Every structure is written in structure tokens, then in C-alpha cells.
Amino acid sequence: MSTADVTAAPDVLAQLAERRAAGLPVRVLGIESSCDETGVALVELVGQGVPRLLADALHSQIEMHQAYGGVVPELASRDHIRRVVPLLREVLARAGVGREAIDLVAYTRGPGLAGALLVGAGAACALGLALGRPVLGVHHLEGHLLSPFLSDDPPEFPFVALLVSGGHTQLMRVDGVGAYELIGETIDDAAGEAFDKTAKMLGLGYPGGPALARLAEQGNDKAFALPRPLMRSDSLDFSFAGLKTAVWTQLLKLPAAASVPAAALAQLHADLAASTQAAIVDVLVYKALAVLKKTGLQRLVVAGGVGANRRLREQLNQQCRRRAVRVHYPELHLCTDNGAMIALAAAMRLQSGQQEASMAYAFDVKPRWPLDAL
Ligand code: KG4
Ligand code: ZN
């Protein structure tokens, strides 16, 4: 890129602002590659309206990592490289537009796997440079947090957010885009990790959360008395590591496979899955209600992969109805990682006047990046 291109950059950014001011649609492409899903999506933003999803496409690497029982970072990066351009073509075709329709390119800057993040960042900057469009790095958790804005029932600020993903369990007060106050978080394992690790112990493979939830449907959630760590303490933090040990202890006490009929042992496993899920959900619901009470807010947003869990949704809906609290979830397919939430977060940043889009096409990634540092 020549120096002239760089000095011309503010004009393009000014043009973008002018288009927005004139009420013309602005289209934001989002690229997500922080872990084991490559996601690409296009959203459209008009004025101060809620951004609208035009098209999205996703490739999950689950099958590839399954053989190893978990995500292999190097394989993840290589697969992102293979998928990102075909997914981009798919999104544009579905939206019925050409590349030139993209006004801003957003990518996940962190947190996540360094090599995987670099693929999305590199692809976004290359595309931005080729098209002469600005590029914006987005916080992955901000994407999750804002993802319910793409649902049929979008929330309004301020709200309490319960962010429950594979790597994070956090409760936040959210007053607007970029205004995030961390109120509680896990001091060890995340809720998703607790699901995944229990699933692994029960031989359910990777990713364990959905499999454990499915098995739990057939079990008795009161069969095993499992701890609810930190639940009734004053602390608004979470701890799930002890639960994992308790599940392991119960597993060791189960009768040997040869000594009981297979169906009886399968039922015990289902009971243990149901009891574990109940313990995790009880803690999440209890703490979310405590934060609602502490902040006095009447709105709750649930986001992240564990937000897809049916029992969690049922319990939250029931408890919140009693307290006249509105609960908002992302669409089910937008609970886990996807490009739509990245495009959305960038669009909402643009909308809120937090202009960090750049045309320098130099990028870094932030594998560790606390959300309240934004
Ligand atoms: O948000 P996400 O896709 O990735 C991260 O950013 O971590 O969340 C993935 C996590 C995994 O731990 C997965 O097992 C869990 O979400 N998960 C579920 C369910 N669906 C996904 N956990 C419980 N029940 C589900 N239905
Ligand atoms: Zn995620």
C-alpha cells in the first residue's frame, strides 16, 4: 500500500459517517475465527435502527477435532484458512450482493486461540485493503453479549448480562455499547467447561455440553447430591472446579460395568448428567437473580454457548416471570460462535460513535483480553 492510500484513509471513514448521517444503509461484514468455528456474516445498519442480519454462513470444525477429544489449535488455524474465503462467497451469494457492497470489515480480535484469531484478522485486513474499506477488530465476548439484538425480541439498555461460554462465566451490568461493568465471574472453571469436563468423564466426547444436556433429559436430577459451589455465599463469583471433582467421586462409586445390567448403568449415567446439569443451572440462576436484585435492573440478557441449554432457559424464564424481569436470548443458532455477532458488534460500535475502524491494515490479536478493559 502506498503512503497516498494511507493519507486518503480519513476520507473513506468520513464518507462512511456521511452515509450513515444521510440514513443510507451501511453493510458490515463479520469474520469469526477465535476457536473451532469459522463464521462469516453480513449485517445492515440504517441510522439508529437495530442492525439487521442479511446473511450468514458457518463451518464447524467439531467433526475434525472429535478424533482428538478436544480442539487442536494448529488444526483449527489451518481449517480456518481453508474455509474463510468459500464462506465469504457463500454469504455474499445469499445476500445477493457483490464484494463492493461491503462498507466495513470486522473480525474477532480476541480472546481466543492466537493462531486461529490471526487467520480471521489477516483475512479481514486483506479484504479491507483490496476493497479500500476500513477494518475493525471486535471483542468476541462483546459479540456474544450483543447477539440478542439480532433476535425477534431485542433488548434495550441497561441490562444485566449472564455470559456463559466455554471459556467464560460472567455477570455484568451493561449500560450501553462499550459500557460493561463486571460484577461476578468464575474463579476457576467456566460453566461450559463444567459441562464439557463432566461429559468427558461420562465418555460423551467433545463438545460435551449439548451431549450432556441430551443425556440429562433421561435422568433424575435429584439422584445425586452434588455441591452448588459459592451459591449461597455473599460472593457474586462462581466456582465450578469442585463440582467436577464431586462428579468424578460419584462416578468412581458406581458399580462396575460387569456387575449390573447395561441399562441400569446407563440410567445411573443419565442421572449423574441430570444432577450435574441441575447443579450448574441452579448456581447460574441464583447468581443472575442476585445481580438483578443488587442492580435493581429488570432486564436480563443471556448469551454464549451455554445459553442454548434448555433447562437454564426454563429455570430463568420461570424465576424471571415471577419477578417481572424480561429475559432475552440470542436465536438458538447464534448462541454458539458465529460471524453474525461479530458483524453486529462492529455495527453497533459504529452506531454508538465509537469509531475505532482503521485503514492501516496492520493488525494484532489479543488471545487474552478482559471485556471490561474495552
Ligand atoms: O460461546 P461458545 O460457542 O464458545 C466459546 O466462546 O467458548 O460456547 C461453547 C460452550 C461449550 O462449553 C459447549 O459445551 C457449551 O457452550 N454448550 C452447551 C450447550 N450448547 C453449547 N452447554 C450446555 N447445554 C447446551 N445445550
Ligand atoms: Zn464464544
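A short reminder: the numbers here are calculations on the coordinates, not readings from a lab. The structure presented is a predicted model; accordingly, all values stated were derived computationally and were not measured. In this analysis, Cβ positions are derived from the backbone assuming ideal geometry, glycine residues included, and neighbour counts consider all displayed protein chains.
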Fill in the blank from the handout: Checked the stretch 259-353 against the a/c 1.5 cut and the a/b vs b/c comparison, axes a ≥ b ≥ c from its Cα gyration tensor; verdict oblate
Handout entry: Cα-based Kirkwood hydrodynamic radius, the chain, one decimal, Å
Key = 21.5 Å
Problem - Those lysines that a straight Cα-Cα span of less than 28 Å connects to LYS287, excepting residues fewer than 8 apart in one chain - result: LYS197, LYS200, LYS222, LYS244
Exercise for the section: Mind checking the stretch 152-196 for GluC sites (Glu not before Pro) that DSSP puts in a loop (not H, G, I, E or B) and that have at most 10 other Cβ atoms within 10 Å? Expected result: GLU156
Problem - Electrostatic dipole magnitude of the stretch 248-321 [Cβ: Lys, Arg +1; Asp, Glu -1; Cα centre; debye, to 20] - result: 420 debye
Practice task
Might you report the magnitude of the Cβ-based charge dipole of the chain about its Cα centre, with Lys and Arg at +1 and Asp and Glu at -1, to the nearest 20 debye?
Solution key: 800 debye
Problem - Net charge contributed by nearby residues that have their C-beta within less than 14 Å of HIS269 (K/R +1, D/E -1) - result: 0
Handout entry: the chain: relative contact order in percent, alpha carbon pairs under 8 Å with at least 6 residues between
Key = 24 percent
Handout entry: Alpha-carbon centroid distance for the pair the stretch 46-60 / the stretch 209-258, whole angstrom
Key = 37 Å
Practice task
Run the dipole for the stretch 230-374 about the Cα centre, Lys and Arg Cβ at +1, Asp and Glu Cβ at -1, nothing else charged, and hand back the magnitude in debye, nearest 20.
Solution key: 560 debye
Fill in the blank from the handout: Note, the stretch 51-61: 3J(HN,Hα) by Karplus (6.51, -1.76, 1.60, θ = phi - 60°), whole Hz, Gly/Pro = x, goes x, 10, 7, 8, 6, 8, 9, 9, 10, 8, 8
Fill in the blank from the handout: Candidates HIS80, HIS328, HIS65; GNM for the chain (alpha-carbon contacts under 10 Å) flags as most fluctuating HIS65
Fill in the blank from the handout: A correct fewest-to-most ranking of ASP271, ASP282 by other Cβ atoms within 10 Å would be ASP282, ASP271
Exercise for the section: Compute the signed sum of charges (Lys and Arg +1, Asp and Glu -1) over the other residues within less than 13 Å, Cβ to Cβ, of VAL50. Expected result: -3
Practice task
Collect residues whose amide H, placed 1.01 Å from N in the peptide plane, falls under 5 Å from the amide H of THR186; neighbours closer than 5 in sequence don't count.
Solution key: THR169, PHE238
Exercise for the section: Considering only DSSP beta bridges where both residues belong to the chain, give the percentage that are antiparallel (nearest 5). Expected result: 60 percent
Handout entry: Helix-only [θ]222 nm of the chain, DSSP H runs n ≥ 4, -39500 (n - 2.57) each, per residue, nearest 500
Key = -14500 deg cm²/dmol
